[in-house]
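See structure below.
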Amino acid sequence: MARPKKEAAESKDSSKDAVKEQGKDMAKDSVKEATAPAVGAGEKVNKSQLVRDYLTKNPKATPKSIAIALGEQGVVVTPNYVSIVKFQMKRMRGRVRRPVVAPDSVESKPVEQKVTEKFSLETLIQAKKLAESLGGVDNARQALAALSKIIG
C-alpha cells in the first residue's frame, strides 16, 4: 500500500533530523576523545605525537596493534588514524628543507627614477657608446653612481 506524499515527506524530514542529531552527538564524542587524558589526569594529548613515538620504538608494528596499545594507555585512536599518521611520517622522512637563496640578479640596485625629460637621438647614441666603452649598462650605472657621489 502506497503512502500519501505528505506523510512520506514528513518521515524523510524526521529521519534527516535524527541523522543531524546523531551527527552532533558523534561530533561531541570525537571532541571528548581528542582531549581525553592519557596517563596523567587533566593533560591534553597530542595523539599524532604518541603514534609517532610508538612507531619510532616499534617500527614494524601494525596500525591495529598500535591502536590497541595506545588504547591500553587510555588514548583512543583508530587503526585508520594510525595509518594516516604513519603515511605522513614516511612522506615527510625524505624531505629536506632547502634554504631559500635569493637570485644573483636581485642585488641591491638603486631604484631607478622615472625620466621625465626626453632625450634626443644624439644623446642616446652617446649614452650607448659610453655604456659599451665601460663594459655594459650595469658598469655604466655604477660609474654614474660613483660620479654622483663625487659631485655631490
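Data table
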| read-out | value |
| --- | --- |
| Karplus (6.51, -1.76, 1.60) ³J(HN,Hα), θ = phi - 60°, over the range 70-77, in Hz, Gly and Pro reported as x | 5, x, 5, 7, x, 10, 8, 9 |
| Residue order, fewest to most surrounding Cβ atoms within 10 angstrom, among S48, S148 | S148, S48 |
| Neighbour-count ranking [beta-carbon atoms within 10 angstrom, fewest first] of Y81, Y54 | Y81, Y54 |
| Taking L144, L55 and counting other C-beta atoms within 10 Å, the order from fewest to most | L144, L55 |
| Spin-label pair N46/L124, simplified geometry with 7 Å Cα→Cβ offset, distance in nm | 6.2 nm |
| Of the trypsin sites (Lys or Arg not before Pro) in the range 63-102, those whose Cβ has at most 15 other Cβ within 10 Å and which sit in DSSP loop | R95, R97 |
| Fully extended contour minus Cα-Cα distance, from S65 to V100, at 0.36 nm per residue | 8.5 nm |
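Here, each number is a calculation from the coordinates, and none is a lab measurement. Just so it is clear, the structure is predicted and the values come from calculations on it, not from any experiment. Every residue, glycine among them, receives a Cβ derived from its backbone with ideal geometry; neighbour counts consider all protein chains shown.
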